[in-house]
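Down below is the structure, laid out as structure tokens.
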Amino acid sequence: MKIFLISPVRNAESETQKRIAGYVASLEAAGHQVHWPIRDTKQDDPTGGYEICRANFTGILEADEVHIWYDETSNGSKFDMGGVFMLIAMLDWKKKVVIVNDGEIVDNTTKSFYKVFKHLVEKTK
């Protein structure tokens with residue numbers, strides 16, 4: 001199975017990256033193909049991010065599932081999540097969404113991207 005992992009890249013803490021790397025390794029050990037942007041998307045982009053966005057959305061479109069390591073502070077993740085929202089909520093895309101670190105998220109807000117994606121997870125079960 002092809003999995004695209006939305007996760008923080010810029011300014012991500014090293015401990016978080018180690019945990020994400022462990023998650024990716026466990027998926028790959030189970031035989032899945034994982035596109036992990038920090039590793040699999042060329043981050044040196046002379047276009048200022050355009051090619052990064054294109055590469056990530058190509059990976060999202062090609063994936064069987066989209067997994068999200070949710071990080072409220074990651075702008076790149078929010079951009080990718082917005083694309084996934086459009087595909088699922090507006091264009092009725094039929095692919096499973098998983099929030100990898102769901103049990104760790106504390107969200108006491110009335111509205112949030114986390115709540116939006118909790119809804120999408122339920123929609124794609």
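Read-outs throughout are calculated quantities, based only on the coordinates presented, and are distinct from any laboratory measurement. Keep in mind that this is a model prediction, so the values were computed, not measured. So basically every Cβ, Gly included, is an ideal-geometry build from the backbone, and we count neighbours across all protein chains shown.
Details
- With contributions of -39500 (n - 2.57) from each DSSP H run of at least four residues, the per-residue ellipticity at 222 nm computed over the chain stands at -13500 deg cm²/dmol.
- Using the Karplus relation 6.51 cos²θ - 1.76 cosθ + 1.60 with θ = phi - 60°, the per-residue 3J(HN,Hα) values for the stretch 78-91 come to 4, 4, 4, 5, x, x, 5, 4, 4, 5, 7, 6, 9, 10 Hz, with x marking Gly and Pro.
- Comparing 108, 11, 75 in a Gaussian network model of the chain where C-alpha atoms under 10 Å apart are linked, the largest mean-square fluctuation is found at 108.
- In Hz, Karplus ³J(HN,Hα) per residue of the stretch 61-67 (6.51, -1.76, 1.60; θ = phi - 60°; x = Gly, Pro): 5, 7, 6, 7, 9, 10, 10
- According to the calculation over all Cα-Cα pairs in the stretch 70-123, the P(r) per 10 Å bin from zero is 23, 59, 19 %.
- Placed amide H near residue 34: partners under 5 Å, 5+ positions off or other chain: 3
- Taking label points 7 Å from Cα along the Cα-to-Cβ direction, residue 93 and residue 111 give a separation of 2.3 nm.
- A DSSP coil position with no more than 16 other Cβ atoms inside 10 Å describes the following trypsin sites (Lys or Arg not before Pro) in the stretch 10-70: 10, 42.
- Highest average first, the peptides 96-102, 85-91 ordered by how many other beta carbon atoms sit within 10 Å of their residues are 96-102, 85-91.
- Cα coordinate range in the chain, projected on the principal axes (Å, largest first): 36, 34, 32
- Backbone HN-Hα couplings from phi across the stretch 106-118 [Karplus 6.51/-1.76/1.60, Hz, Gly and Pro as x]: 10, 10, 9, 8, 6, 10, 6, 5, 4, 5, 4, 6, 4
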